[in-house]
Amino acid sequence: MPGDKSISHRSLMLGALAVGETRVTGLLEGEDVLATAAALRAMGATIERDTSGDGGAEWRIHGVGVGGLLQPAGALEMGNSGTSARLLMGLVASHPITCAFTGDASLSRRPMGRVIEPLSLMGADFTASPGANGAATLPLMERGLNPAVPIAYRLPVASAQVKSALLLAALNTAGITRVIEPVPTRDHSERMLRGFGADLWIEEQKGERVIALRGEAELRPQTIVVPGDPSSAAFFVVAALLVPGSDLVIENVGLNPTRAALFTVLRQMGGSIEELDPREVGGEPVADLRVRHGALEGITVDPALAPAMIDEFPVLFVAAALARGRTVTSGLEELRVKESDRLAAMAAALRLAGARVEERADGLAIEGTGGDPLPGTPSGAEVATRLDHRIAMSMAVAGLASHAGVTIDDATPIATSFPAFEALLDAAGGADAGARRP
């Protein structure tokens with residue numbers, strides 16, 4: 001699997017704030033992560049890709065130190081990457097520089113107010129574009145403040161991106177900044193910040209998780225091995241469960257408990273997913289996954305699991321479409337403000353492929369086929385991927401489990417997170433199973 005996208009972004013950012021050389025292997029070289037690298041170069045960090053070794057590419061980051069980011073000469077182009085935009089806004093918030101953030105059409109529709117509000121409380125100033133319903137969106141201008149103001153902020157929605165933006169801003173803010181999480185979200189930022197030497201600790205208060213960070217920090221350079229991305233592995237896990245005769249080993253999959261709930265849900269549905277050689281890589285739990293085809297049963301998915309699998313719901317919907325019985329999901333309002341409205345996009349896509357789907361305000365209810373293949377998209381019809389890489393890859397997996405195949409309108413967004421997806425799917429036997437695109 002390609003390197004974990006969340007860890008790849010954070011490796012570059014924290015390496016850029018450390019003094020000295022950070023080395024990273026296994027970095028995801030998708031467009032989203034490369035957008036982060038380009039922005040950090042524009043603010044003074046030296047980031048180089050070295051292919052001279054025997055173990056694949058090694059990325060070397062020479063940081064500028066906490067507080068050392070420089071005024072970029074031009075706008076920071078985020079492409080399709082919400083993680084790049086929101087986390088870098090956090091970095092800039094406590095530096096005395098002004099940055100313009102731009103993105104593609106999809107990213108420019110995504111709400112940025114959830115990050116702007118707490119960073120403004122720390123002293124940053126924003127001028128954003130008005131989006132749908134008055135939401136603040138890209139392009140926007142941010143003016144950081146130094147010294148910034150430490151705050152205690154309770155997250156109104158479960159969001160690892162908002163939490164991470166605040167912790168990154170806190171690095172260059174004297175005093176203690178606290179982020180209060182009513183619902184735990186992915187904890188890569190906390191793990192990595194402590195690994196780089198930040199004074200960060202976690203408290204439990206009245207059933208809530210409080211992450212505290214003391215600034216101003218001094219970060220030490222690290223050597224990082226990025227584990228495989230569980231969100232990328234998800235497509236191959238579901239494909240192997242659905243395609244008869246499949247017996248697939250997926251190597252080097254990160255199993256951070258704040259990220260791996262999809263595998264829990266698929267096991268609840270009866271999926272055969274075995275962990276081989278469990279180990280630790282770069283401070284993260286990792287294993288190889290052996291996945292074998294078998295019948296799946298529809299279930300009601302516990303909404304409390306949503307934060308630990310929020311990016312994996314599109315491909316779970318595909319699994320549900322071929323399960324026996326009814327699968328019901330709820331508490332997924334966050335999916336409406338991802339790269340696309342993923343609830344509406346997946347409901348429309350699966351219906352076009354012949355699935356029975358009911359779209360609700362906060363989730364989907366899906367009547368499965370009982371293991372029978374989906375009909376596939378009608379001749380001349382194409383699934384609208386809406387510039388969303390996860391819609392494209394999920395419906396490619398649906399094509400493997402269909403009679404006529406599934407045609408998608410655009411595969412180019414896949415390069416944002418998983419450039420080798422199509423080649424790996426072909427190598428695993430997908431080329432013979434019915435997925436197709438124009």
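When we screen THR385, THR416, THR377 for residues that are crowded, with 23+ Cβ neighbours inside 10 Å, at pLDDT below 95 and not aromatic (Phe, Trp, Tyr), the only hit is THR416. Note on the stretch 202-220: residues that are among the hydrophobic types (A, V, I, L, M, F, W, C) and assigned to a loop (DSSP other than H, G, I, E, B) total 2.
Scanning the stretch 260-286 for residues that are exposed (fewer than 13 other Cβ atoms within 10 Å of the Cβ) and closer than 30 Å to GLY325 by Cα gives ARG267, GLU274. Could you please let me know if GLU58 is in contact (Cβ under 8 Å) with a residue 12 or more places away in the chain, within 30 Å of ALA427 (Cα to Cα) and not assigned by TED's automatic domain parsing to the domain that holds ARG390? Here the answer is yes, as GLU58 does meet what is asked. Considering PRO244, PRO182, PRO221, PRO257, the condition of being closer than 22 Å to GLU21 by Cα and either assigned by TED's automatic domain parsing to the domain that holds ARG114 or surrounded by fewer than 16 Cβ atoms within 10 Å (Cβ to Cβ) (or both) is satisfied by PRO221 alone. Only a single criterion out of (1) buried (at least 24 other Cβ atoms within 10 Å of the Cβ); (2) modelled with pLDDT of 95 or more is not satisfied by MET1, namely (2).
If you check SER52, SER84, SER106, SER94, which single one turns out to be crowded, with 18+ Cβ neighbours inside 10 Å, closer than 21 Å to PRO221 by Cβ and hydroxyl-bearing (Ser, Thr, Tyr)?
From the options SER52, SER84, SER106, SER94, the qualifying one is SER94.
Give the residues of the stretch 132-179 that are surrounded by fewer than 16 Cβ atoms within 10 Å (Cβ to Cβ) and within 17 Å of the chain's Cα centre (by Cα), sorted by residue number. Result: VAL157, single match.
Of all residues in the stretch 11-31, those that are buried (at least 24 other Cβ atoms within 10 Å of the Cβ) and within 22 Å of ASP388 (Cα to Cα) total 3.
The values are calculated or read from the model by the stated rules, or taken from the named source; none is laboratory data. Every value quoted in this text rests on a predicted model; they were computed, and no experiment measured them. Please note: Cβ atoms are built from the backbone with ideal geometry, for glycine as well, and neighbour counts cover all protein chains shown.
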